[in-house]
1. Which residue pairs have Cβ atoms closer than 6 Å, lie 6 or more positions apart in sequence or on different chains, and pair a first residue in segment 444-463 that is within 9 Å of Asp318 (Cα to Cα) with a second residue that is loosely packed, with under 15 Cβ neighbours inside 10 Å and modelled with pLDDT under 90?
2. Does segment 328-337 hold any residues that are in contact with a Leu (Cβ under 8 Å, 6 or more places away or on another chain) and assigned to a helix (DSSP H, G or I), and which are they?
3. Quick check on segment 4-43: of everything there that is of a type in the set (Gly, Ala, Ser) and within 28 Å of Val239 (Cβ to Cβ), which residue is surrounded by the fewest Cβ atoms within 10 Å (Cβ to Cβ)?
4. Give segment 243-275 a look and list any residue that's hydrophobic (A, V, I, L, M, F, W, C) and farther than 30 Å from Val147 by Cα, or say none.
5. Taking segment 51-81 only, how many residues are within 28 Å of the chain's Cα centre (by Cα) and open to solvent by less than 10 Å² (accessible area, probe 1.4 Å)?
6. I'm trying to understand the selection: among the residues of segment 330-340, which are surrounded by fewer than 21 Cβ atoms within 10 Å (Cβ to Cβ) and out of contact with any Phe, Trp or Tyr (no Cβ under 7 Å at 6 or more places or on another chain)?
7. For segment 141-195, what are the residues that are of a type in the set (Gly, Ala, Ser) and under 21 Å from the mean Cα position of the chain (by Cα)?
8. Please determine, by comparing only the residues of segment 221-256 that are of a type in the set (S, T, N, Q) and at pLDDT 90 or above, which one is least open to solvent (accessible area, probe 1.4 Å).
Amino acid sequence: MGIVLKQSVQNVVYTYVGFFIAAINTLFLYTKILPDAYYGLVTFILASGAILMPLMAFGVHNTMVKFYSRCPEEEKDGFLTLMILVPLLGVVPVALLILLGYNPLGDLISKVNPIVKDYLWYIFFVGLSMAYFEVFNAWCRVHMKSVFGNFMKEVFIRVGVSILLALFYFEMISLDMFLKLLVGLHLLRTVIIKIYAFTLRYPKLDFHFPAHTKEILYYSLLIILGGSAALILLEIDKVMLNQFVSIENVAYYSVAVYIATVIIVPSRAMHQITYPLTAELLNLGDMVGLKKLYQRSSLTLFIASGFLFVLIMLNLNDLYLLIPENYRSGFVIVFLIGLAKVLDSLLGNNNSILFNSQYYKTVLVFGVGLAILTIVLNYLLIPKLGLEGAALASFVSIFIFNLVKLVFVKMKFGILPFTQKTLKVLATLVVLSALFYLLQFPFHPILNIMLKSGLIVGMYVVILYRFGISEDVSSLLNKWLKKMPRSG
């Protein structure tokens, strides 16, 4: 097995394991152990730190991957030195802003929830740790070592959170100490990935920067815009809710969003494989192969994400019975965010096509425009509709962004991700939804979920296989059937 394929498989495994642990933390440990207001505070701190991350990383995590291989050996120490120093262009101004403007900035974000004013520095250190984690993770990736960084990102941090919640539950630490240790956990993760990165190539300080430093810095500035826009689309709703509703509502919203976010697990896993394939096809100018990959990735991800969406919505009532009552009012939120994630998946490797092409600058401009639209929509809809307003703002923004990207790829490359099989999958999902919508079992919620899910899975797989809707699904099932022992 090649090194890229082997690491891709390991990364997929860690991605799934990480989501499973996160589900335990989000749905059961946080909701039952941490007071609602403090869960909302944690969500606000982490979301705010995530939004600061692209600015404080200064685009270096993407710049390193793009330019490292282009540097001759004698320039690589200078390049890596530059990559360590450049994030300070974002870190120092943010630190000075908080240091000099703590009170007015704190007053601005704490009008509705005074509790958040005391945690501005927590946001800074979470953002700082996230930023340098991505820098050193990129350091590992350019040396063809991606697995450890993915483990630290997907598994380590979530296991650490589980341990901290357990310590608080058994009264071994206080709430204040829990929050301090949560920030410390993010910093520890960054220190560990730094040590690992330096074992791959220890940096020698060299202030003779590469000849194309101006181009490197220009690219970093563009990536700041793109990264900030992407994270605003993902996280700004949780941050802006703090300005309009009590902090515990941020926790309720976060749980509903996480339930819907499970839908993108197959997409995250597949993109680790399709991204390099897309880049190779574009470099070769193979438009036939690109179209086939575009349509195949779209169909496969739609089959997976659409199925997860239907499964979640049909089991949501039983799932809500397993968590505290305060968290059970997110049906509309799960539906809107879940539908947005399905639309994301339906575009297949669209992002890979755009960001590996010469049009990536245009896409960054689109992203910034949509980020501004997201902020405006949240500002208009949250006061009127509350948590559902935030979800609607996210759905509308993501829908428009995806539509823009879909049309742009069609205009520039002449290809669409949809085929007749896309309609067949859609029809199958609609039929399954209609058949199982009213089916309710009178047992324990966990047993109900297992029974209904088993029936849906069985019928879905039979339909996909019987009508040969997906080559990937049929191939996988044929291999599985061949391995089954035959009677007689």
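1. Within 6 Å, the pairs are Asn448/Phe441.
2. Phe331, Ile333, Val334, Leu336
3. Of all residues in segment 4-43, those of a type in the set (Gly, Ala, Ser) come to 8, 18, 22-23, 37, 40.
Now restrict to residues that are within 28 Å of Val239 (Cβ to Cβ): 18, 22-23, 37, 40.
Details: Gly18: 21, Ala22: 19, Ala23: 15, Ala37: 17, Gly40: 27.
Out of the qualifying residues, it is Ala23.
4. Start the filter on segment 243-275 by keeping residues that are hydrophobic (A, V, I, L, M, F, W, C), which leaves 244-245, 247, 250-251, 255-257, 259-260, 262-265, 269-270, 273.
Within segment 243-275, Phe244, Val245, Ile247, Val250, Ala251 qualify.
5. The number of residues fulfilling the criteria is 9.
6. Those that are surrounded by fewer than 21 Cβ atoms within 10 Å (Cβ to Cβ) and out of contact with any Phe, Trp or Tyr (no Cβ under 7 Å at 6 or more places or on another chain): Phe331, Val332, Phe335.
7. Ser146, Gly149, Gly160, Ser162 - these are the residues of segment 141-195 that are of a type in the set (Gly, Ala, Ser) and under 21 Å from the mean Cα position of the chain (by Cα).
8. Asn242
The values are calculated or read from the model by the stated rules, or taken from the named source; none is laboratory data. Being a predicted model, the structure only gives us computed values, none of them experimental. Please note: Cβ atoms are built from the backbone with ideal geometry, for glycine as well, and neighbour counts cover all protein chains shown. Ligands, DNA and RNA are stripped out before the accessible areas are found, and what is left, the full protein with its side chains, is counted by its heavy atoms. Shrake-Rupley method; radii C 1.70, N 1.55, O 1.52, S 1.80 Å.
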